[in-house]
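Here's the structure, in structure tokens; my notes come after.
The values are calculated or read from the model by the stated rules, or taken from the named source; none is laboratory data. Computed from a prediction, not measured in an experiment: that's the story for all the values here. In this analysis, Cβ positions are derived from the backbone assuming ideal geometry, glycine residues included, and neighbour counts consider all displayed protein chains. These accessible areas exclude ligands, DNA and RNA; they are computed on the full protein's heavy atoms, side chains included. Shrake-Rupley method; radii C 1.70, N 1.55, O 1.52, S 1.80 Å.
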Amino acid sequence: MRRLNAADPADAEALLLTCCGSRRWARRVAEHRPYRDTGALLAAGDEAAYDLTPADLAEALAAEPHDAATLSVGADAGDTARTALHAALAVHEERFGHGFVLHLDPRHPEEWLDRTLTALRSRLAMDPETEREHAAEQLRHLARARLERLAGSVPGPRPAAGGDTPAAPNPCLLYK
């Protein structure tokens, strides 16, 4: 939290872009500094997320990792399940024009594959506007989890000695 509060505006925005890829979101959250605590930071992040325009949302979704290598579905997932998942993800991206994004409970990684497949089936049946609303809500949850990590409220990868934030995703989140 101290690092974010003390950063110059450009560095603060760069840190915040690791939480949500919308430049407008990052700018808005950076402008409200300093934050007295994590709760205030999360509230500012939520407020900025609720105000994302369709263009802001598209920018944020485009910034999400969507390489199949980032997909975390558990070591026990069989080849058939992984193949089905990758096929459904491709259909989602083709249908809606953006990758599938879903925040998963870090305490239950054994449920990630089932929850992901269930969410995919549900969201593939939606019209584009409803899917956009669901994607925006999942993105807000992801941003909150990343802000908590940035503020030091939850364990996760720490910044490297040179001050760079690691590119590796929080293991409790699935990005696609």
Log entry, pairs with first residue in segment 1-17 being more than 16 Å from ARG144 (Cα to Cα) and polar (S, T, N, Q), second being open to solvent by 40 Å² or more (accessible area, probe 1.4 Å) and outside any helix (DSSP H, G or I), beta carbons closer than 6 Å, six or more apart or on different chains, reads ASN5/ARG33; ASN5/PRO34
Expected single match for aromatic (Phe, Trp, Tyr) and either touching a His at 6+ places or on another chain (Cβ under 9 Å) or open to solvent by 70 Å² or more (accessible area, probe 1.4 Å) (or both) among TYR35, TYR50 is TYR50
For LEU102, are the conditions met, namely being part of a helix (DSSP H, G or I), open to solvent by less than 70 Å² (accessible area, probe 1.4 Å), in contact with a Phe, Trp or Tyr (Cβ under 9 Å, 6 or more places away or on another chain) and modelled with pLDDT of 80 or more?
-> no
When every residue in segment 58-80 that is part of a helix (DSSP H, G or I) and open to solvent by less than 30 Å² (accessible area, probe 1.4 Å) is compared, the one modelled with the highest pLDDT is ALA60
query = Of the residues that make up segment 119-128, is at least one in a helix (DSSP H, G or I), surrounded by 14 or more Cβ atoms within 10 Å (Cβ to Cβ) and at pLDDT 95 or above?
reply = yes
Matching residues in segment 130-143 (without any contact (Cβ under 8 Å) to a residue 60 or more places away in the chain and within 17 Å of GLU93 (Cβ to Cβ)) number 4
Residue hits (segment 1-34; in contact with a helix residue (DSSP H, G or I) (Cβ under 7 Å, 6 or more places away or on another chain) and in a loop (DSSP other than H, G, I, E, B)) are MET1, ALA7, THR18, CYS19, CYS20, GLY21, SER22, HIS32, ARG33, PRO34
Subset of segment 86-95, residues open to solvent by 30 Å² or more (accessible area, probe 1.4 Å) and of a type outside the set (D, E, K, R), comes to HIS86, ALA87, ALA90, VAL91
Checked segment 105-145 for anything under 18 Å from ALA49 (Cβ atoms) and of a type in the set (A, V, I, L, M, F, W, C); matches are ALA135, ALA136, LEU139, LEU142, ALA143, ALA145
Over segment 32-42, the set of residues more than 17 Å from the chain's Cα centre (by Cα) and touching a residue at least 12 places away in the same chain (Cβ under 8 Å) is HIS32, ARG33, PRO34, TYR35, ASP37, THR38
When every residue in segment 38-47 that is closer than 12 Å to ALA143 by Cα and out of contact with any helix residue (DSSP H, G or I) (no Cβ under 6 Å at 6 or more places or on another chain) is compared, the one most open to solvent (accessible area, probe 1.4 Å) is GLU47
